[in-house]
Amino acid sequence: MKDKVVWITGASSGIGEATALEFAKNGSRLVLSARREFELQRVKTLTGLSDKDVLVLPMDMEAIENFQAATTKVLNHFGQIDILFNNAGISQRGLVIDTDFSVYERLIRLDLLSVIALTKCVLPIMINQKSGQIAVTSSVAGKVATPARSGYAAAKHALHGFFDSLRAEVINYNIGVNIICPGYIKTDISINALAADGNKHGQMDSNQHSGMPVEECAKRIYKALDKNKPEVYIGGKEVLGIYLKRFLPGLLNKIIIKQAPK
């Protein structure tokens, strides 16, 4: 990974920030993107990288029309893009019956369509280079849907379909496609999640609070990308749900039903 150019979205906090620091520690050059420029500058300082080796590039992931211009800025600065880590996104806390349709629209735009759009901007560069990796943060929820996460799970499930197809299409260009599926990681994802009315959920889930430290998650993401693993699951016992769905789906269904609000 030394000297590779790694573009990370959602880099101002959580998994994105921790992964940026892990890549910086291993000699990568970075593009840091998120909405909050002040937080990106803070992360830049923490990386210890020089101005030529880290580019702060603020982006609103809902403003898809600006992605091509952002991609051009990265190319002008570094001349290449070796890894695109589509990490930005938002979670959800709300029952289907209570959730405004506008919440689903925003979830799909942020967690799916923006990822596809940025990938399509970067893909021609990697094809021209005949090298690269495109990674995406999915979730255990991209494999196992649970109550109050319907829109989030739908978007994450769709990511698997898109990137599995892409992987088969680009293998002859020496481009890897990596799907990262975190479980409960100790970040603010539940606090920032969309509630049924579209406002912030504003609460830390107990499972999130007791989840894997984000630094450990970042180390595992780095190792997965370094080894170009197609798909990796990161977390605690919640990861077992993925294997239950594959081998004992009836049992998993009973477990999930027990979690549903009565």
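The values are calculated or read from the model by the stated rules, or taken from the named source; none is laboratory data. The shown structure was predicted, so the numbers you read here are calculated from the model rather than taken from an experiment. Cβ coordinates were reconstructed from backbone atoms using ideal geometry, including for glycine residues, and neighbour counts include every protein chain displayed.
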(1) within 21 Å of K4 (Cα to Cα); (2) loosely packed, with under 11 Cβ neighbours inside 10 Å; (3) of a type in the set (D, E, K, R) all hold for K258 apart from (1)
Yes or no: C217 more than 27 Å from I97 (Cβ to Cβ), touching a residue at least 60 places away in the same chain (Cβ under 8 Å) and part of a helix (DSSP H, G or I)? yes
Condition set under 21 Å from T19 (Cα atoms) and of a type in the set (S, T, Y), scope the stretch 137-188, selection modelled with the lowest pLDDT: answer is T187
Flag for Q80 being more than 24 Å from F23 (Cβ to Cβ), in contact (Cβ under 8 Å) with a residue 12 or more places away in the chain and polar (S, T, N, Q): no
Within the stretch 13-62, the residues that are surrounded by 14 or more Cβ atoms within 10 Å (Cβ to Cβ), in a helix (DSSP H, G or I) and of a type in the set (A, V, I, L, M, F, W, C) are I15, A18, A20, L21, F23, A24, L40, V43
- Taking K186, is it basic (K, R) and in contact with a Pro (Cβ under 7 Å, 6 or more places away or on another chain)? yes
Check: Quick check, is G198 at pLDDT below 95, within 19 Å of the chain's Cα centre (by Cα) and either surrounded by 17 or more Cβ atoms within 10 Å (Cβ to Cβ) or under 22 Å from R93 (Cβ atoms) (or both)?
Finding: no
Those residues of the stretch 63-120 which are part of a helix (DSSP H, G or I), over 16 Å from Y152 (Cβ atoms) and under 15 Å from the mean Cα position of the chain (by Cα) amount to I116, A117, L118, T119
Expected single match for of a type in the set (A, V, I, L, M) and touching a strand residue (DSSP E or B) at 6+ places or on another chain (Cβ under 9 Å) among A148, A154, A158 is A148
Check: When you look at V6, is it free of Cβ contacts under 8 Å to residues at least 60 places away in the same chain, over 15 Å from V214 (Cβ atoms), in contact with a Leu (Cβ under 7 Å, 6 or more places away or on another chain) and surrounded by 20 or more Cβ atoms within 10 Å (Cβ to Cβ), yes or no?
Finding: no
Evaluate the stretch 46-69: report whether one residue or more is within 22 Å of Y173 (Cβ to Cβ), in contact with a helix residue (DSSP H, G or I) (Cβ under 8 Å, 6 or more places away or on another chain) and without any contact (Cβ under 8 Å) to a residue 60 or more places away in the chain. yes
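For every residue, the table says whether it meets (1) closer than 18 Å to I221 by Cβ; (2) out of contact with any helix residue (DSSP H, G or I) (no Cβ under 9 Å at 6 or more places or on another chain).
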residue: P147; (1), (2): no, no
residue: H157; (1), (2): no, no
residue: G161; (1), (2): no, yes
residue: S165; (1), (2): no, yes
residue: A168; (1), (2): no, yes
residue: N172; (1), (2): no, yes
residue: V177; (1), (2): yes, no
residue: C181; (1), (2): yes, no
residue: I185; (1), (2): yes, no
Checked the stretch 218-255 for anything basic (K, R) and either modelled with pLDDT under 95 or surrounded by 18 or more Cβ atoms within 10 Å (Cβ to Cβ) (or both); matches are R220, K237, K245, R246, K254
* Asked: Does V103 qualify as being over 22 Å from G16 (Cβ atoms) and either surrounded by fewer than 16 Cβ atoms within 10 Å (Cβ to Cβ) or in contact with an Asp or Glu (Cβ under 8 Å, 6 or more places away or on another chain) (or both)?
  -> yes
